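Some notes on the structure that comes next.
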Amino acid sequence: MSTIADNIELVGSRIRAAALAANRDEHSVHLLAVSKTKPAQALREAYAAGLRDFGENYLQEALGKQLELADLPLIWHFIGPIQSNKTRAIAEHFAWVHSVDRLKIAQRLSEQRPADLPPLNICIQVNVSGEASKSGCTPADLPALANAISALPRLKLRGLMAIPEPTEDRAAQDAAFAAVQSLQASLNLPLDTLSMGMSHDLESAIAQGATWVRIGTALFGARDYGQP
Ligand SMILES: *Cc1c(COP(=O)(O)O)cnc(C)c1O
């Protein structure tokens, strides 16, 4: 059975190969370890093997792991859907939020970001798969949302995040990620981040400019949602 350290090696070589194929500096692609449903011990192993950035989707679960892992200098990213009654805890306990898709949530995060912490790094989640996805703002709504968020004082708008409809068809993957990149380019804002690519499609995402790939299964194995 492969260990988390072995998996990190494999994912690292996939990232390097994809960056090389795209003529990109491998260091321009960052690995976000998506640890939802995985126990604190798995994150500890990933930390020991060199990872620092962890992505979580469920607030209560994330806060529990943050307590258990308080002895490690981990960087926490919130990547799941956000309800308005969860914004205060997210503003207090995370360095990044990748899944902002409406202004009301961004305003609350800005108001609730503690004064002693640096601005909260934000990606706007954009829906490039139309009807197939319920999360994410529409491409049509993106420019106004991005301008409004970039004016909020306690947030730092870094870029876009997307979760295209899953497909094994490389051309379809490329088209979806290219659409995200061109939306980003069409915004007249100083953005440096494209959060896109998961275990099955990181090669395509890197070819289309991803700066964060969010990887769960390929690092930690399949998730079992039946277990607490
Ligand atoms: C679960 C999740 C991932 C990781 O997906 P894998 O296919 O397991 O790599 C990435 N991004 C988001 C937003 C997720 O919810």
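The single residue among Asn127, Asn121, Asn85 that is touching a Cys at 6+ places or on another chain (Cβ under 8 Å) and either within 16 Å of the ligand (Cβ to nearest atom) or over 24 Å from Leu183 (Cα atoms) (or both) turns out to be Asn127.
Checking region 165-184 against the condition returns a match, with at least one residue being surrounded by fewer than 17 Cβ atoms within 10 Å (Cβ to Cβ), out of contact with any His (no Cβ under 8 Å at 6 or more places or on another chain) and more than 26 Å from Ser13 (Cα to Cα). Quickly run through region 185-203 and pick out the residues that are more than 19 Å from Ile8 (Cα to Cα) and crowded, with 19+ Cβ neighbours inside 10 Å. If the condition is that a residue be more than 19 Å from Ile8 (Cα to Cα) and crowded, with 19+ Cβ neighbours inside 10 Å, then Thr193, Leu194 are the ones that fit. Each residue in region 114-131 was checked for being farther than 27 Å from Pro166 by Cβ, in contact with a Lys or Arg (Cβ under 7 Å, 6 or more places away or on another chain) and either surrounded by fewer than 23 Cβ atoms within 10 Å (Cβ to Cβ) or free of Cβ contacts under 8 Å to residues at least 12 places away in the same chain (or both), and 1 of them qualify. Restricting attention to region 149-164, the residues that are loosely packed, with under 14 Cβ neighbours inside 10 Å and of a type in the set (Gly, Ala, Ser) add up to 1.
Could you tell me whether any residue of region 134-142 is polar (S, T, N, Q) and under 20 Å from the mean Cα position of the chain (by Cα)? Looking for residues that are polar (S, T, N, Q) and under 20 Å from the mean Cα position of the chain (by Cα), one finds at least one in region 134-142, hence yes. Pairs linking a residue in region 82-97 that is closer than 18 Å to Phe54 by Cα to a residue that is exposed (fewer than 15 other Cβ atoms within 10 Å of the Cβ), with Cβ atoms under 7 Å and 6 or more positions apart or on different chains, are Glu92/Pro114; Ala95/Ile75.
Computed from the coordinates by the stated procedures, all read-outs in this text should not be read as laboratory data. Treat the numbers as computed from the prediction; the structure is a model and nothing was measured. Here the Cβ is made from the backbone with ideal geometry for all residues, glycine too, and neighbour counts use every protein chain on show.
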